[in-house]
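Peer 1: What follows is a single structure, and I will ask about it in a moment.
The values are calculated or read from the model by the stated rules, or taken from the named source; none is laboratory data. Model, not experiment: these values are computed from the prediction. Using ideal geometry, Cβ is built from the backbone for each residue, glycine included, and neighbour counts are taken over all protein chains shown. For accessibility, only protein heavy atoms count, side chains too; no ligands or nucleic acids. Shrake-Rupley method; radii C 1.70, N 1.55, O 1.52, S 1.80 Å.
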Amino acid sequence: MANDKMRKGDEAGDKKGILLETGTNEFEIVEFSIGKVHYGINVAKVREVIQRVPVTAMPQAHPYVDGLFTLRGKAHPLVNLPRCLNVASGEEARNIIVTEINNYYVGFLVENVSRIHRVSWRDMEPAPEVGDQSRVVGIIKMSDRIVLLLDFETIIAEINPEINSKLTTVEDATDDIRAQRSNVHVVVAEDSGMLRDLLVSTLHDSGYRFVRDFGNGMDAWEYLRGLAEKDGPIYNHVGIIVSDVEMPKMDGHRLLKLVRENDRLREVPFVLFSSLISEEMRLKGESLGASGQISKPEINKLIALLDNLIFGKPIPADQR
């Protein structure tokens, strides 16, 4: 049943309706299990769920990758999620969750895929700090169990070094451009600790010295609301906002909606920088008033867009 529901073509109409709703602060997760632990992944990242298929081993592949599997004529890497999480399997892993994250298709081998839940981001709590290697970005408390929401972006970044490269490699800028960037106050909301650190450090390296970062939309909103109460032009306090979409407590779309409804903040440029910038999600961002939307990990495109929104600088053709 889970496999049928997760085929995108079977519920395209329902999915589009859900994605185009504005300001609900809700999302859907696919629940799956490994051993006795229950995990979740945002439905927007899932293309479909299939039964385990033959895998071709690859020489010198990352230890988490079993090899390549073929789906509709295309080869995709298969991540052995029990091995990645260092979790003992209770039974044979027989399902593959096929995902599209950061424009990158990858399958994740799991044991059982159970059902889909619709929940509020308010019900997702940040994961407790249990070590630097934690792969959990949030927890959702069900009536009889806890579902752990995994940081799939970090896992994919580990097996695909190109993503880290795109997040940390920026075009050289002139001293004049760097001087202009140095006066802009940037607010960043990103729940993945690793990606947030990479993003902030790369913005610093490009000349954006004043960056205030938050791990969820709620904390970012409380900070922005405080800035809105300060005297003087709002640009003196915040020049641009960069936000992920998927975050605990409050997602990026809800944050965008609140900013656009605030008399002081409504004109501040707001950029969505997310792995979820699909066609449907782009329509939702536009309907809420996003100034721009960039798919991770294209940091060069992000910085070109920031320069365009703040200073009116043309976006280079290769960064559009």
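Peer 1: Out of the residues in the range 283-307 that are of a type in the set (Gly, Ala, Ser) and in a helix (DSSP H, G or I), state the one that is nearest to the chain's Cα centre (by Cα).
Peer 2: It comes out as GLY285.
Peer 1: With the checklist (1) in contact with a helix residue (DSSP H, G or I) (Cβ under 7 Å, 6 or more places away or on another chain); (2) in a helix (DSSP H, G or I); (3) polar (S, T, N, Q) in hand, flag the one item SER114 doesn't pass.
Peer 2: Here SER114 clears every test but (2).
Peer 1: With VAL130, VAL53 as the choices, which residue is surrounded by fewer than 12 Cβ atoms within 10 Å (Cβ to Cβ), modelled with pLDDT under 90, assigned to a loop (DSSP other than H, G, I, E, B) and among the β-branched types (Val, Ile, Thr)?
Peer 2: Testing whether each residue is surrounded by fewer than 12 Cβ atoms within 10 Å (Cβ to Cβ), modelled with pLDDT under 90, assigned to a loop (DSSP other than H, G, I, E, B) and among the β-branched types (Val, Ile, Thr) leaves just VAL130.
Peer 1: Right, next: Would you call LEU224 over 14 Å from the mean Cα position of the chain (by Cα), within 24 Å of ALA44 (Cα to Cα) and either at pLDDT below 95 or surrounded by 24 or more Cβ atoms within 10 Å (Cβ to Cβ) (or both)?
Peer 2: no
Peer 1: State which residue is farthest from LEU109 (Cα to Cα) when the search covers only the range 21-50 and only residues that are open to solvent by 20 Å² or more (accessible area, probe 1.4 Å) and either in contact with a strand residue (DSSP E or B) (Cβ under 6 Å, 6 or more places away or on another chain) or hydrophobic (A, V, I, L, M, F, W, C) (or both).
Peer 2: Within the range 21-50, the match that is farthest from LEU109 (Cα to Cα) is GLU26.
Peer 1: Sticking with this one: Looking only at the range 237-253, decide whether some residue is farther than 27 Å from VAL136 by Cα and either at pLDDT below 90 or open to solvent by 20 Å² or more (accessible area, probe 1.4 Å) (or both).
Peer 2: Yes: one or more hits.
Peer 1: Now for a separate question. Can you find a residue that is open to solvent by 40 Å² or more (accessible area, probe 1.4 Å), more than 20 Å from ALA157 (Cβ to Cβ) and part of a helix (DSSP H, G or I) anywhere in the range 82-95?
Peer 2: No; the residues of the range 82-95 include none that is open to solvent by 40 Å² or more (accessible area, probe 1.4 Å), more than 20 Å from ALA157 (Cβ to Cβ) and part of a helix (DSSP H, G or I).
Peer 1: Counting residues that are in contact with a Phe, Trp or Tyr (Cβ under 7 Å, 6 or more places away or on another chain) and not β-branched (Val, Ile, Thr), which helices (runs of 4 or more DSSP H) fully inside the range 187-282 reach at least 1?
Peer 2: 217-228, 252-261
Peer 1: If GLU11 satisfies all but one of (1) of a type in the set (Asp, Glu); (2) over 20 Å from LYS284 (Cα atoms); (3) buried (at least 16 other Cβ atoms within 10 Å of the Cβ); (4) modelled with pLDDT under 50, what's the number of the condition it fails?
Peer 2: The single condition GLU11 does not satisfy is (2).
Peer 1: Are there any pairs, at least 6 apart or on different chains, whose C-beta atoms fall under 9 Å, with the first in the range 70-95 and more than 16 Å from VAL46 (Cα to Cα) and the second open to solvent by 40 Å² or more (accessible area, probe 1.4 Å) and assigned to a helix (DSSP H, G or I), and if so, which?
Peer 2: CYS84/GLU158
Peer 1: Could I ask something else about it? Being surrounded by 17 or more Cβ atoms within 10 Å (Cβ to Cβ) and under 27 Å from ASP263 (Cβ atoms) is the filter here, so list the residues in the range 186-210 that pass it.
Peer 2: Within the range 186-210, VAL186, VAL187, VAL188, ALA189, GLU190, TYR208 qualify.
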